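Input: a single structure, listed below in C-alpha cells.
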Amino acid sequence: MLMNTSEYMNVIESIKDEIKASQYKAVLNVNRELIVLYYNIGKVINEHKVWGNRFIDNLAQDIKVSFPNTTGYSVRNLKYMAKFASMFPDIEIVQAVLAQITWYHNIALMDKVKDVEQYIWYAEKVIDNGWSRNVLVHQIESGLYEHQVLTEKVANFETRLATPQSELAIQTMKDPYVFDFIPFKEDMVERDIERALVQDITKLLLELGTGFAFLGNQYHLTVGGDDFYIDLLFYNLNLRCYVVIELKTGDFQPEYVGQLNFYLSAVDGILKKPEDQPSIGLLLCKSKNNLVAEYALKDMSKPMGVSEYRLTSDLPNELKCQLPTAEDIRSRISSKNANTEHLS
C-alpha cells in the first residue's frame with residue numbers, strides 16, 4: 001500500500017518541513033511588522049511631546065477603548081516606543097536589523113545599553129546566535145561587547161591566526177581583566193588578604209575561562225645557553241596551543257611586545273609539537289593607550305594581544321591600599337613555590 005511506503009513517508013516529511021518553514025517565516029513577518037508599527041507610533045509620540053505626559057496616558061486609554069482585546073499599548077510600552085524611535089531616527093536600520101529580533105529583546109537593549117553602536121552590535125549577535133532574552137541580558141551584564149570589540153582593536157589575532165582559531169582567541173581574551181579574588185568581608189585585615197593570595201594562585205591572576213591548563217609560573221626556558229623565565233604559561237585545550245602571559249606592573253610600553261614576541265618564538269621552537277597550533281601571547285598591563293598598542297602589534301609576526309588588569313573593582317577605599325601590587329603577587333608566588341619545593 002502507498003501509505004506504508006518509504007516514498008510516501010519522505011513526501012510527508014517534506015511537506016511537514018515546508019509547513020514549519022512557512023510558519024517560521026510568518027512569525028518573522030508578523031514580528032517585523034509589529035516592530036515597525038511600534039517604531040512609527042513612537043515617532044508620532046515624539047512629534048507631540050509638547051502635549052506632555054498626559055498625552056501618553058490618554059493615548060493608552062483611547063487605544064484600549066478602540067481595541068479592547070489588543071495588548072501591548074500600556075503607558076509603559078508606549079514610552080518604550082517613543083524611546084525606540086528617538087534612538088534610531090533612520091528607519092532603515094530598524095527594518096534591516098532591529099525588526100529581526102523580538103520587542104522584548106529590544107526592551108532589554110533599551111534598558112541595558114545606552115550606546116547605539118553597542119545596541120546594534122548586540123542585536124546582530126542575537127540574530128547570529130539565536131540568543132533568548134535572558135541570554136542577551138547575561139551577555140550585556142558580563143560586558144561581552146567591551147571584551148570582544150576592545151580586544152579586537154588591540155590584538156593581531158585576525159591577521160596572524162587562521163579562522164576559526166582567531167575568532168576563538170578573540171573571544172577568549174578579555175579586556176580588562178578584573179581580579180576580584182578576595183571574598184570581601186567588612187572586618188578583613190591584611191592577614192586575611194595575604195591568606196587569600198596564598199590559597200589560590202590561579203584566581204589571583206586570571207579569569208581566563210574554560211579550556212586553560214596551568215603549566216607554571218616563572219616557567220624556565222633555555223635559549224642559546226641563556227636562561228629566560230615566562231611569567232605564566234598555559235595550554236588551551238580549545239585553541240590547541242600554548243598561551244604565554246606576561247604581567248607588567250606599569251603602563252604599556254612598546255618594547256614589551258618585542259619581549260613577548262621572543263617568548264612566543266622560544267615556546268614554538270622548544271615546546272610546540274607539530275599538531276599544536278601557533279602559540280599566542282597576552283600582555284597584561286596596569287593601563288594602556290589603545291593606539292600605541294595597535295601600532296606596537298601591527299607588524300609583529302606572532303599572534304598576541306594587550307589587555308589591562310585591575311586588581312579589584314569593589315573593595316572599599318580603606319582596604320584598597322592594603323591590596324598587593326603585581327610585584328607583590330610575583331614575590332608571593334615565588335615564595336609559595338619555594339616553600340613547596342622545600343617541603344617536598
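With a simple spin-label model that places each label point 7 Å from the Cα along the Cα-to-Cβ direction, the separation between ILE12 and TYR229 comes to 7.3 nm. Among the GluC sites (Glu not before Pro) in region 220-300, those located in a DSSP loop and surrounded by at most 12 other Cβ atoms within 10 Å of their own Cβ are GLU275.
Dividing the C-alpha radius of gyration of region 9-71 by 2.2 N^0.38 Å, with N its residue count, gives 1.83.
Close amide-amide hydrogen proximity is noted between LEU282 and VAL244, ILE245, GLU246, GLY305, each under 5 Å apart and 5 or more residues distant or on a separate chain (H modeled in the peptide plane; Pro and chain starts excluded).
Among the listed pairs LYS248/LYS273; LYS49/LYS83; LYS43/LYS83; LYS248/LYS272; LYS248/LYS298, those whose Cα-Cα separation exceeds 18 Å are LYS248/LYS273; LYS248/LYS272; LYS248/LYS298. What whole number of Å gives the distance from the Cα centroid of region 87-128 to the Cα centroid of region 39-54? Each part's Cα centre sits 20 Å from the other's. For the residues HIS138, HIS105, HIS48, a 1.4 Å probe over the protein chains yields an accessible-area ranking, largest first, of HIS138, HIS48, HIS105. The HN-Hα couplings worked out from phi for region 121-133 by the Karplus form 6.51 cos²θ - 1.76 cosθ + 1.60 (θ = phi - 60°) are 4, 5, 4, 5, 5, 4, 5, 5, 10, x, 5, 6, 4 Hz, whole numbers, x standing for Gly and Pro.
The modelled label-to-label distance between ASP57 and ASP90, using points 7 Å beyond Cα along the C-beta direction, is 3.8 nm.
With 0.36 nm allotted per residue and the present C-alpha distance subtracted, the ASN238-SER142 stretch has 32.4 nm of extension available.
Across region 58-73, coupling constants 3J(HN,Hα) worked out from phi with the 6.51/-1.76/1.60 Karplus curve, θ = phi - 60°, read 5, 4, 4, 5, 5, 5, 5, 5, 6, 10, x, 9, 9, 10, x, 10 Hz, and Gly and Pro carry x.
The values are calculated or read from the model by the stated rules, or taken from the named source; none is laboratory data. Predicted model, so just to flag it, every value in this text is computed and none were measured. All Cβ positions, even for glycine, are placed from backbone atoms using ideal geometry, and neighbour counts span all protein chains on display. These area figures cover heavy atoms from the full protein model, side chains too; ligands, DNA and RNA do not enter into them. Shrake-Rupley method; radii C 1.70, N 1.55, O 1.52, S 1.80 Å.
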